[in-house]
Amino acid sequence: MKKILGLAAITAAALTLSACGGGAGAPAATDKADNANKSITLWLAGGDTSDELRTYLKDTFKAKTGATLKIEEQGWGDLVTKMTTALPDANNTPDVVEMGNTQSPTFTNVGAFTDISDMYDELGGAKLLPSFVEAGSVDGKKYALPYYFGSRYMFNRTDVWAEAGVSTPTTLDEFNTNVKTITAKNPRGIKDFSGFFLGGQDWRNGLSWIFANGGDLAKKDNGKWVSTLSDPKTVKGLTQLQDLYKNASKAPSDAKDATPWLYINDADEIKDDKGATTGATTLAAATIMAPGWAHWSIGDAVQKDGKTVREWNDAKFGAFVLPGNDGKPAPVLAGGSNIGISAKSKNQELSKDLLRIIFSADYQKKLGAAGLGPANSDYVDSLGTDQFAKAAIASASNSKLTPAAPGWASVEASMVLEEFFGKIRDSSDLTALAKQYDEKITPQLNLK
């Protein structure tokens, strides 16, 4: 499951679009015979939507509308560039588009998607993930709705935790203390061992400490977005992070949030089906924070069908939700994607029919069965009942997104947050550092 993404910079000049307003009431019923020679195109981002799900969408769309659904997969790396080029062109635009949740504000703020406010209640209404709905809304109007969610939570080496004499925490302070204790004790005497592996530039996971203390990255004030890194509540979270960087994590100062599971596994060579070594891991951390799907990469190395794969081992590994200051799940940065109808699509009604299928109970349950968090809270139990499903649901219950500012894509593309987080560990004055970066980020937030 692809999670929160880095975005390319985007400007209004690149998207000279005007949104199509949604009409009042439900659209007219589709005439299947008239649609026999019609087709619409759905862009899916990455491979998270399985072949089984894609087949279901194509078959169901054909059965319900008589038209053909064409699905084209776009890579996450160049999705923004392709959207920027295709969405303004009525002759080449995809009809329906999946995008990363943090991409939604940039495109909705320049009118890239159709206003589907009139469909909101029909597609799930208040049962849809509020933070994702907000990311796809402008001035109260809905342009993009959640497609699926992914949650971040903690994975730990329960054997190492036990050796260090600490147990699963119930508050954020207890978590912080535990991982510092594990680092100090280093029960196996491993060089550069981290009680909690947190990359120096890993702002996406680090945000939880800011959120847990009531802070945020930005807020809207008198119609303008302003960076809030120097807000006292944000600084409290930054102070806790600085403590963890100094006393719990030996991660490199330039490490981000990619592949942290490499550090929690034992030292085993990973080979492909031809026997070639594709990577090696060395146990270097007792705890990591990662998206839920990371559990497929954590465990003992075993041979299956000629390949070395990871097999979860309950005797060594555990999963738990990061607790907040109040003992409830700490707010985490939500992963996942949104979906919307291109404002330039010539097939508005058929595109709305596709959304009805996607937000139907049948498809929502199929998403959950495939390990993707359903957009509608009524169907989250379809994720299952194992420890990973429970952690995903619990962590998602208090998840947040990046600010829904029109210039957020510019902020991410500039790597300014990586730069800021990389300076936290060695800063002698966090408030002054935060004010310096507030001045850099605020103008970017309001770019259109």
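The values are calculated or read from the model by the stated rules, or taken from the named source; none is laboratory data. Just so we're clear, the structure is a prediction, and the values are computed from it rather than from any experiment. Glycine gets a Cβ as well: all are built from the backbone with ideal geometry, and neighbour counts include every protein chain shown.
Data for the structure
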{"item": "Some residue of the range 433-447 being within 29 Å of residue 124 (Cβ to Cβ) and hydroxyl-bearing (Ser, Thr, Tyr)", "result": "no"}
{"item": "Residues satisfying the stated conditions in the range 402-422, i.e. part of a loop (DSSP other than H, G, I, E, B), in contact with a Gly (Cβ under 9 Å, 6 or more places away or on another chain) and within 22 Å of residue 199 (Cα to Cα)", "result": "415, 422"}
{"item": "Selection count where residues are out of contact with any helix residue (DSSP H, G or I) (no Cβ under 8 Å at 6 or more places or on another chain), in a helix (DSSP H, G or I) and among the basic types (Lys, Arg), scope the range 32-74", "result": "3"}
{"item": "Hits in the range 412-426 - residues which are modelled with pLDDT of 95 or more and surrounded by 15 or more Cβ atoms within 10 Å (Cβ to Cβ)", "result": "416, 417, 418, 420, 421, 422, 423, 424, 425"}
{"item": "Selection status of residue 432, surrounded by fewer than 18 Cβ atoms within 10 Å (Cβ to Cβ), in contact with a Leu (Cβ under 6 Å, 6 or more places away or on another chain) and not β-branched (Val, Ile, Thr)", "result": "no"}
{"item": "Number of positions in the range 386-397 that are part of a loop (DSSP other than H, G, I, E, B) and modelled with pLDDT of 90 or more", "result": "1"}
{"item": "So residue 196, is it of a type in the set (Phe, Trp, Tyr) and out of contact with any helix residue (DSSP H, G or I) (no Cβ under 6 Å at 6 or more places or on another chain)", "result": "no"}
{"item": "Index of the failed condition, residue 349 passing every other in (1) charged (D, E, K, R); (2) in a helix (DSSP H, G or I); (3) farther than 27 Å from residue 120 by Cα", "result": "(3)"}
{"item": "Every residue from the range 75-99 that is outside any loop (DSSP other than H, G, I, E, B) and in contact with a Gly (Cβ under 8 Å, 6 or more places away or on another chain)", "result": "76, 79, 96, 97, 99"}
{"item": "Options 208, 253, 227: the member that is in contact with a strand residue (DSSP E or B) (Cβ under 6 Å, 6 or more places away or on another chain) and either farther than 25 Å from residue 162 by Cα or at pLDDT 95 or above (or both)", "result": "227"}
{"item": "Matching option when the condition is among the aromatic types (Phe, Trp, Tyr) and either outside the structural domain of residue 375 (by TED's automatic domain parsing) or within 26 Å of residue 392 (Cβ to Cβ) (or both), among 143, 148", "result": "148"}
{"item": "Some residue of the range 359-378 being part of a helix (DSSP H, G or I), surrounded by fewer than 19 Cβ atoms within 10 Å (Cβ to Cβ) and touching an Asp or Glu at 6+ places or on another chain (Cβ under 8 Å)", "result": "yes"}
{"item": "Identity of the residue in the range 107-139, within 22 Å of the chain's Cα centre (by Cα) and either small (Gly, Ala, Ser) or outside the structural domain of residue 365 (by TED's automatic domain parsing) (or both), that ends up modelled with the lowest pLDDT", "result": "131"}
{"item": "Residue selected from the range 267-286 under the condition touching a Ser or Thr at 6+ places or on another chain (Cβ under 8 Å) and part of a strand (DSSP E or B), by the criterion modelled with the highest pLDDT", "result": "285"}
{"item": "Residues within the range 420-436 that are in contact with a helix residue (DSSP H, G or I) (Cβ under 8 Å, 6 or more places away or on another chain) and within 15 Å of residue 205 (Cα to Cα), tallied", "result": "3"}
{"item": "Residue in the range 383-403 that is more than 28 Å from residue 121 (Cβ to Cβ), buried (at least 17 other Cβ atoms within 10 Å of the Cβ) and aromatic (Phe, Trp, Tyr) present", "result": "yes"}
{"item": "Residue 191 vs. criteria touching a strand residue (DSSP E or B) at 6+ places or on another chain (Cβ under 8 Å), in the same structural domain as residue 246 (by TED's automatic domain parsing) and not in a helix (DSSP H, G or I)", "result": "no"}
{"item": "Those residues of the range 307-324 which are more than 15 Å from residue 158 (Cβ to Cβ), of a type outside the set (D, E, K, R) and either assigned to a strand (DSSP E or B) or more than 23 Å from the chain's Cα centre (by Cα) (or both), in sequence order", "result": "308, 309, 323"}
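Conditions (1) free of Cβ contacts under 8 Å to residues at least 24 places away in the same chain; (2) of a type in the set (S, T, N, Q); (3) closer than 30 Å to residue 215 by Cα, marked per residue:
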| residue | (1), (2), (3) |
| --- | --- |
| 379 | yes, no, no |
| 384 | yes, no, no |
| 414 | no, yes, yes |
| 417 | no, no, yes |
| 422 | no, no, yes |
| 437 | no, no, yes |
| 440 | no, no, yes |
| 445 | no, no, yes |
